[in-house]
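As structure tokens, the structure follows; a few thoughts come after it.
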Amino acid sequence: MQYNTLVAGLVLAGALVAPARAQDIPTLDEIVVTATRIPQSRGEVLADVRVLDREAIASAGQASLAELLQSQPGIEIISNGGPGQPGSLMLGGYSGSHTLVLLDGFRIGSATLGLTPLEQLVPAGFERVEVMRGAGSHLYGSDAMGGVLQLFSPRGEGAPRLHAAAGLGDFGTKRFDAGMGGGEERLSFSLDAGRLLSDGYDATNAKVPFGAHNPDKDGFRNDHVLLRAGIALAADHQLDLVGYHTRGWSDYDDSAGPHDTRSDTTEEVLGLTLRSRLSDTWDSLLRAGRTTDDASFYTSFGNTDYHTDQYQYAWQNDWRLGASRIQASLERLEQSVSGSVAYTTRDRDNTGLVLSGQTRQGDHALELTWRHDHNSQFDDRDTGALGYAWLGLPGWRVSARIASAFKAPSFNDLYYPNDGFAQGNPNLDPEQAFSREVALDGALGGGALRVACHDDRVTDLILWQFDAGLALFTPGNVNDARLTGCGISYARAVAGWKGRAGFDWQRARDDATGNDLPWRAPRRLTLAMNRDFGDWELGGEVTAVDARYNDAANTERLSGYTLVTLGAAYQLAPEWRIEGRLANALDQDYEQVRGYNTPERNLFVGIRYQTR
């Protein structure tokens with residue numbers, strides 16, 4: 001890491017103490033879902049899962065989902081500009097397209113681009129966010145090659161309670177959010193709706209490729225609604241409905257001219273889940289739903305629109321047999337695309353079968369999973385995972401896991417029509433990965449420690465490049481890569497302070513050239529602390545990122561940077577709370593992608609109401 005960046009981070013760690021809170025100290029008893037598709041304690045699963053709880057989300061002010069996640073250990077975020085601009089979540093050196101995004105078990109995103117627009121997913125209203133790092137195709141199929149991000153809607157409980165929030169900030173930022181939730185023995189509901197607006201700032205600068213810089217403000221607006229309703233059909237049968245709608249309008253630059261270039265993106269989820277306890281040892285889950293992605297682009301070169309429909313069905317069964325668990329799942333995914341682009345193929349489907357088992361015998365735990373996918377485009381694909389853990393020391397666990405994974409090409413990769421500039425390649429194979437990881441988890445000095453290392457081999461990576469014979473840009477399975485890294489994180493409460501620290505080292509290397517893959521920081525430091533002082537809460541966080549490359553040839557180097565966020569909150573009354581968040585407090589001038597600006601120091605102040 002650049003010396004001054006690392007030193008700045010370490011010095012500030014001792015001086016600063018967060019809106020993206022340190023949260024409760026994670027333990028092996030904390031319940032997570034994404035690692036095995038069922039609620040289990042950390043001590044029962046081998047995958048690394050990071051959690052953002054409801055209070056961390058509610059106190060985030062105007063922060064986007066990407067901004068919340070970038071302060072977490074082991075998670076890298078890159079953004080092409082300001083509010084509403086495209087962003088990617090990178091886990092363990094994998095690209096953003098290698099992370100599957102779910103909402104209550106339903107996959108969301110674009111099948112044309114093969115990405116989920118994280119910039120449009122405003123975190124307000126969600127109960128929690130889980131990020132599972134590492135191969136997940138053995139559980140979830142394609143797209144989970146590098147990990148899984150899952151958003152959870154809240155389940156209403158108790159007497160109906162109202163919540164509301166409003167705030168103002170720099171860049172002309174305004175946030176409004178309100179909702180209600182409650183539940184009794186048979187019925188429950190939760191509803192949240194809000195709007196986020198920002199005048200923004202110039203998304204690009206003179207270094208952006210192809211002379212696309214337009215010196216103007218690039219604003220953003222997002223409207224969102226999240227609904228969950230449940231009914232107990234009988235004592236052991238619970239039916240839940242989830243509905244989600246988010247629509248974002250973003251200005252961006254595509255040329256030097258004064259054209260009003262903008263995008264209009266909508267994500268929707270509508271799904272039903274039936275959970276049944278069929279016996280003391282048998283749980284069953286039936287899930288059916290539809291998700292859509294609509295994206296329209298109004299550019300100086302013309303207008304285009306893309307539409308993705310995903311129909312999803314699942315039947316999952318879990319059996320508890322003493323100290324062992326067995327799971328069998330059958331899934332169906334039907335994808336179709338439409339819009340202004342004349343794809344040569346518009347539909348594909350995938351059927352997946354998952355068989356998994358877990359057992360603990362004394363101090364030894366074993367986890368085995370196999371998945372078979374039959375896809376209408378690439379036929380059959382098998383993935384699996386094998387994990388082992390030793391728990392011979394109270395409060396400690398040593399574990400190891402191997403896993404295989406894959407990612408199917410997107411519709412753009414396969415079927416994009418010849419437009420005189422680019423063309424898809426229907427002969428592409430899925431990208432593949434084989435992962436090995438070891439980890440140590442345990443209690444140390446009153447806190448929670450995790451040390452983990454991974455070594456991933458990735459083959460058949462898809463790269464778009466210019467084909468001289470066709471005189472077009474076209475994709476091919478041309479690259480292999482090796483992704484290695486280690487991370488250490490520690491969380492502890494001391495004298496009323498809750499704190500956490502994380503340090504990650506990684507090397508993401510192209511096998512053919514030996515060069516680093518673009519935008520992956522070889523070293524990264526994250527720190528956070530917060531404490532209550534009666535009616536006051538003070539906190540802060542530090543994220544220090546090493547220098548990295550902007551291009552595959554490793555000729556464009558992006559400087560390292562240190563971001564500091566400070567926060568304060570005051571409990572005006574039992575139901576009222578005022579909060580302030582100062583982001584980029586040191587006013588760092590930095591880039592995550594060459595030619596794209598990032599926010600200067602900015603302040604947001606808001607007020608929250610919650611019925612007690």
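The values are calculated or read from the model by the stated rules, or taken from the named source; none is laboratory data. Just so we're clear, the structure is a prediction, and the values are computed from it rather than from any experiment. Reconstructed Cβ throughout: ideal geometry from the backbone, glycine too, with neighbour counts over all protein chains shown. Ligands, DNA and RNA are excluded from the accessible area calculation, which covers all protein heavy atoms including side chains. Shrake-Rupley method; radii C 1.70, N 1.55, O 1.52, S 1.80 Å.
Describe numerically, in nm with one decimal, the distance between label points set 7 Å from Cα along Cα→Cβ at residue 556 and at residue 386.
So the label points at residue 556 and residue 386 sit 4.4 nm apart.
Could you pull the Rg and Dmax for the chain, using just the Cα atoms, both in Å?
Radius of gyration, then largest Cα-Cα span, for the chain: 23.4, 71 Å.
Restricting to Cα pairs below 8 Å that are 6+ residues apart, what does the relative contact order work out to for segment 487-587? Please round to a whole percent.
For segment 487-587, the relative contact order is 19 percent.
What does the charge dipole of the chain about its Cα centre add up to, to the nearest 20 debye, if the Cβ of each Lys and Arg holds +1 and the Cβ of each Asp and Glu holds -1?
Around 1500 debye, computed over the chain.
Relative to the compact globular guide of 2.2 N^0.38 Å, what is the alpha carbon radius of gyration of segment 314-361, as a ratio?
Normalised Rg, Cα atoms only: 1.89.
Straight-line reach from residue 207: which lysines fall under 20 Å, measuring Cα to Cα and dropping same-chain residues less than 8 apart?
Qualifying lysines at Cα under 20 Å: 217.
For 157, 267, what's the largest-to-smallest order of accessible area, 1.4 Å probe?
157, 267
Of the options 395, 440, 248, report the single residue whose Cα projects farthest towards the positive end of the charge dipole of the chain (beta-carbon charges: Lys, Arg +1; Asp, Glu -1).
395
Over the Cα atoms, compute the radius of gyration (one decimal) and Dmax (the largest Cα-Cα distance, rounded to a whole number) for segment 375-472, in Å.
21.0, 64
What is the projected area of the convex hull of the Cα atoms of segment 497-612, averaged over all directions, in nm²?
9.2
If you filter segment 209-317 for chymotrypsin sites (Phe, Trp or Tyr not before Pro), then keep DSSP loop positions with at most 15 other Cβ within 10 Å, what is left?
301
Please sort by residue number the chymotrypsin sites (Phe, Trp or Tyr not before Pro) in segment 411-476 whose DSSP state is loop and whose Cβ has at most 14 other Cβ atoms within 10 Å.
421
Going by average Cβ density within 10 Å per residue, which order do the peptides 75-82, 169-176, 145-152 take, highest to lowest?
Highest mean packing first, the order is 145-152, 75-82, 169-176.
Hey, any idea what % of the chain's accessible area is carbon plus sulfur with a 1.4 Å probe?
Here it works out to 58 percent.
Using +1 at the Cβ of each Lys and Arg and -1 at the Cβ of each Asp and Glu in the chain, identify which of 522, 544, 451 lies farthest towards the dipole's positive end.
The residue sitting most towards the positive pole is 451.
Rounded to the nearest 500, what is the chain's calculated 222 nm mean residue ellipticity when only DSSP H runs of at least 4 contribute -39500 (n - 2.57) each, over all residues?
-1000 deg cm²/dmol
On full extension of the chain, what length is gained from residue 603 through residue 470, given 0.36 nm per residue of separation minus the C-alpha to C-alpha distance?
42.8 nm
How high is the FRET efficiency between residue 276 and residue 379 when r is their beta carbon distance and R₀ equals 41 Å, given to the nearest 0.05?
Computed FRET efficiency for residue 276 and residue 379 comes out at 0.75.
Counting only DSSP beta bridges with both residues in segment 76-169, tell me the antiparallel percent, nearest 5.
The antiparallel fraction comes to roughly 70 percent.
Quick one: 3J(HN,Hα) in Hz for segment 586-602, Karplus 6.51/-1.76/1.60 with θ = phi - 60°, rounded, Gly and Pro as x.
My calculation for segment 586-602 gives 8, 6, 5, 9, 8, 10, 9, 9, 4, x, 10, 6, 10, x, 6, 3, 8 Hz in order.
At 0.36 nm per residue, minus the direct Cα-Cα distance, what do residue 570 and residue 363 gain on full extension? Give it in nm, one decimal, please.
69.8 nm
By how many nm would the segment from residue 234 to residue 587 grow when fully extended, if each residue of separation counts as 0.36 nm and the alpha-carbon distance is taken off?
Result for the pair: 121.4 nm of gain on full extension.
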